[in-house]
Every structure is written in structure tokens, then in C-alpha cells.
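**Q** Pasting in a structure now, in C-alpha cells, and then I'll have a few things to ask.
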Amino acid sequence: MSFERFVSFRYLRAKRRQKFISLISLISVLGVAVGVMALIVVLSVYTGFTEGLRDQIIGINAHVLVQQFGDEIDRPAPLKSAVEKVKGVTAATPYIYAQALITSGSGQSSGIAVRGLDPASAGRVISLETKMISGSLTDLSGEQELPGIVLGKEMAAQLRVRQDGKIRLISPNGPLTPMGVMPKVQTCVVSGIFATGMYEYDSTMGFVSLDTARRLAGIEGEGVHGLEVRVANIDKADLAAAAIRAQLGPAYSVRDWMQLNQNLFAALKLEKIGIFIALDLIILVAALNIISALVMVVMEKNKDIAILKSMGARTGSIMRIFFYQGMVIGLSGTALGVTLGLSLCALLKRYKIIELPSNVYPMSTMPVKVVPMDVTVIAVSAILITLAATLYPSWKASRIRPAEALSYE
């Protein structure tokens, strides 16, 4: 061990006259630990919430949407086969989107976004089947007197309908007559009810078969509005979308989930950066404690520093003595904070201590996901801040002149 480290560790040990300085050092360690722990826990919860929200949004929507510029897709089957051959694509299914007015026998009415889908292939692209409270998507293709519709839980409650209840869909895409456009009216039976946990979806969406959606939207033949595509790696959906775009050519619009929800996730990312900066101030406060503790040690050890310099210690050696002392405080606080933060995250993730109201949030318990890169960035930033805090006291100690320090001894 070099003499700089030896002297630094000796200064960290409290003597009778240095109890107060050691108390400040302990407070500095705890301050760094609390800041690091708070950053890890908050960012882990925020990451878990963001990914939970992403999964809820993408669960009922596709990873990639394929549409034809300016027109419907007349022959979706060959296009579906071509898309499914692209590397990274696992499945594709046609869809139709329409808006209508929905009314029930109780006199309740509301606007609804109607999505037509293929019950045979939609389950391989969207996870709506896992969110069904009653019924199944396959019931939409069953032979029955009236076509089926799958409604969201909130929509069904608003219309006061249950499973097997009847509703009417009124679409403005009707024929033009001398009296104006006549709306199309389609009576459907509720064949299923789903709940995603997101009020915006559960209160505004309904799913029907492609044939029913074609009648409402006024589409002839086998035409559809586009294809919904599922990819193997959700984080590389942009690469799969680029490959699909290259395969189909410029006549088609191909957008991944990141582009479709870029405003939302850009805002969430910006909020995460803001939280990181705000909580870093806790570590900065602890760094100020480190500065005050080291300055007090320098004032206390003026005579010792002068003697060391008289014995031949160089300026760099004096700086390293106090740099090592601050480094020990910073590393100890960071290590303690990382340990406490990861332990608390593990407890929150395992025991689900904090419950969330399901009618407000898209998840029932506090979501936690620890990202190793976030933990690394937090630890490195804490170490850099605390090391920066040692520079001024170390420089101040190295500027002590032995003759002045020992003149009154």
C-alpha cells in the first residue's frame, strides 16, 4: 500500500477530536446511497410502467401496419404471403377499419371504432384472445342468424348489453339517394367481451368479421384496408418494416409501432431523462457534504500536511491523499445504494406490495423492471460526481505551504 492510501485511510478513522468530521463523512455516504437507491428504484418503476403501457398498446394492435397508398388492397392473400416471407415476420392478417354509431335496445348509443379481422389468422398477430372476458374471436366466423361483434368491457357497460345481447351499427357509408346519403344499418349479436385494462380501448373499440366490416365500409369483393403484421423481435420492428418496404416497393405504406406511437413514447423518454436529472440532485447534495467534510479535514490536518511536505511529499501525493478519502466515501455510498436499490426492486417485483387502481392504470400492481444499462449509468454518474467533489479540497490541501502552516507551532 502506498503511503498516500495509508494516510488517507488513517484520516477516515475517527479520533476523539474528529468525531464530528467522521459523522459528516458517514452522512455523505448515506446521502450518496439514498440518491443512488432512489434513482434505481424510480427508473426501474418508470421503465416497468413504460413497457407495461407499450405491451398494452401493442397487445391489441399490430407491430407493423401495411397499407396501399390511395386505395384499398383488392387481393390481400398474395400480399399476405409475400409479407410473411420477409425475414423477421412471424404472421400477418388483413384488417378493415371503420367508424360507426352503435345503439342498444336500452336506448343507449355511442360512437365506435369498428375493426374487421380474420378470426382464423388474427390470433397469431394480436393478443386479443388473451384479453377476452367471455366468448372467443372464433365466434365471429360462426354460422349464425346475425353477425357477431366483440365489444370492450366499458363499451358493453355503457350500452347495458351482455353476452348474446343485440346491438345496431349505423354507418354513414350508405348509397346516395335523391334524399341524400342513406346510412347502413347492421344488427349484430354480442359474441364476446374483452378487457385490455386501457379505458380508451375498452370504451371505443369493437371487432367484427371481415364480411361484416366490408358491408359497413362499403368495400366490394375481397378488399381490405391493409395488413397487420407481427414480428419476432418487437425492439427491431423498424428493421422488419424496412425489409417489408423494400420487398413491396413504393406503392405501399409500411409503418411500425414506434412510428405509430412516436409522440407518446418520445414524451415518456423525455420524462425519464428529466427524472434522472432531478434525482441526480440528491447525489449532488451528498457531494457537497463530501466537499465540506474534506475541507474540514484539510483545516484539521494543516500541520500534518506541512510536515509531510517538509519530509519530501510532492504536491501530487498530497492531492491523492484526499482524493482517495473522497473516493472511498463515493464508492462506499454508490455500492450501498446499488445494493439497497436492487434489493428494494426485487421485493417490489416479487411480493407486489403496491397495488394500483385498475380503472386508472393499465396494470394492477406496481411494475418494476431493472435495466442493467440504467444501473450502470446511475453508478458511474454517482462515482463521477463524488470524485469531482474531491478535486477542490485536494487542490486546497496541496497548496498549503509548510513555512506558513508551522510558523505558529
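The values are calculated or read from the model by the stated rules, or taken from the named source; none is laboratory data. Bear in mind that the values here come from a model prediction, so they are computed numbers and not experimental data. Positions of Cβ are generated from backbone atoms using ideal geometry, with glycine treated the same way; all protein chains shown enter the neighbour counts. Side chains included, ligands, DNA and RNA excluded: accessible areas come from the protein's heavy atoms. Shrake-Rupley method; radii C 1.70, N 1.55, O 1.52, S 1.80 Å.
**Q** Quick one: in the stretch 192-225, which of the residues that are of a type in the set (Ser, Thr, Tyr) and within 36 Å of the chain's Cα centre (by Cα) is nearest to Tyr97 (Cα to Cα)?
**A** Out of the qualifying residues, it is Ser209.
**Q** I'd like to check something: does the stretch 90-97 contain any residue that is modelled with pLDDT of 90 or more, of a type in the set (A, V, I, L, M, F, W, C), open to solvent by less than 20 Å² (accessible area, probe 1.4 Å) and under 30 Å from Ala157 (Cα atoms)?
**A** There is at least one residue in the stretch 90-97 that is modelled with pLDDT of 90 or more, of a type in the set (A, V, I, L, M, F, W, C), open to solvent by less than 20 Å² (accessible area, probe 1.4 Å) and under 30 Å from Ala157 (Cα atoms).
**Q** Would a scan of the stretch 73-87 turn up a residue that is on the phi > 0 side of the Ramachandran plot and out of contact with any Asp or Glu (no Cβ under 6 Å at 6 or more places or on another chain)?
**A** Scanning the stretch 73-87, I find no residue that is on the phi > 0 side of the Ramachandran plot and out of contact with any Asp or Glu (no Cβ under 6 Å at 6 or more places or on another chain), so the answer is no.
**Q** How many of the residues in the stretch 226-270 are assigned to a strand (DSSP E or B) and either surrounded by 15 or more Cβ atoms within 10 Å (Cβ to Cβ) or on the phi > 0 side of the Ramachandran plot (or both)?
**A** Residues that pass the stated criteria total 10.
**Q** Next question, about the same structure. Only one of Val328, Val370, Val338 is under 26 Å from the mean Cα position of the chain (by Cα), in contact (Cβ under 8 Å) with a residue 24 or more places away in the chain and either more than 30 Å from Val298 (Cβ to Cβ) or open to solvent by 40 Å² or more (accessible area, probe 1.4 Å) (or both). Can you tell me which?
**A** Exactly one residue qualifies, and that residue is Val370.
**Q** Looking only at the stretch 111-146, filter to residues that are open to solvent by less than 20 Å² (accessible area, probe 1.4 Å) and outside any helix (DSSP H, G or I); which one of those is farthest from Trp257 (Cα to Cα)?
**A** If we take residues in the stretch 111-146 being open to solvent by less than 20 Å² (accessible area, probe 1.4 Å) and outside any helix (DSSP H, G or I), then Ile112 is farthest from Trp257 (Cα to Cα).
**Q** Take the residues in the stretch 100-110 that are out of contact with any Ser or Thr (no Cβ under 8 Å at 6 or more places or on another chain) and either of a type outside the set (S, T, N, Q) or without any contact (Cβ under 8 Å) to a residue 40 or more places away in the chain (or both); name whichever of them is most open to solvent (accessible area, probe 1.4 Å).
**A** Gly105
**Q** Test each condition in (1) in a helix (DSSP H, G or I); (2) among the aliphatic types (A, V, I, L, M); (3) farther than 20 Å from Val42 by Cα for Ile277 and report the one that comes out false.
**A** With (1) in a helix (DSSP H, G or I); (2) among the aliphatic types (A, V, I, L, M); (3) farther than 20 Å from Val42 by Cα applied to Ile277, the lone miss is (3).
**Q** Okay, moving on. For the stretch 3-44, how many residues meet the condition of being exposed (fewer than 14 other Cβ atoms within 10 Å of the Cβ) and at pLDDT 70 or above?
**A** Going through the stretch 3-44 one residue at a time, the tally reaches 2.
**Q** Could you tell me which of the residues Gly312, Gly221 is in contact (Cβ under 8 Å) with a residue 24 or more places away in the chain, on the phi > 0 side of the Ramachandran plot and open to solvent by 40 Å² or more (accessible area, probe 1.4 Å)?
**A** Gly221
**Q** Looking at Ser343, is it closer than 22 Å to Ile40 by Cβ and either not in a helix (DSSP H, G or I) or not aliphatic (A, V, I, L, M) (or both)?
**A** The answer is yes for Ser343.
**Q** Find the residue count for the stretch 240-270, including only residues that are within 18 Å of Asp374 (Cα to Cα) and modelled with pLDDT of 85 or more.
**A** Number satisfying all stated conditions: 1.
**Q** Run Lys184 past the list (1) under 21 Å from Thr93 (Cβ atoms); (2) basic (Lys, Arg); (3) touching a helix residue (DSSP H, G or I) at 6+ places or on another chain (Cβ under 9 Å) and report the number of the one that doesn't hold.
**A** Unmet condition: (1).
**Q** Which condition does Val224 not pass, out of (1) of a type in the set (A, V, I, L, M); (2) modelled with pLDDT under 90; (3) touching a strand residue (DSSP E or B) at 6+ places or on another chain (Cβ under 7 Å), if it passes all the others?
**A** (2)
**Q** Looking at the stretch 166-177, which of its residues are modelled with pLDDT of 90 or more and surrounded by 17 or more Cβ atoms within 10 Å (Cβ to Cβ)?
**A** Ile167, Leu169
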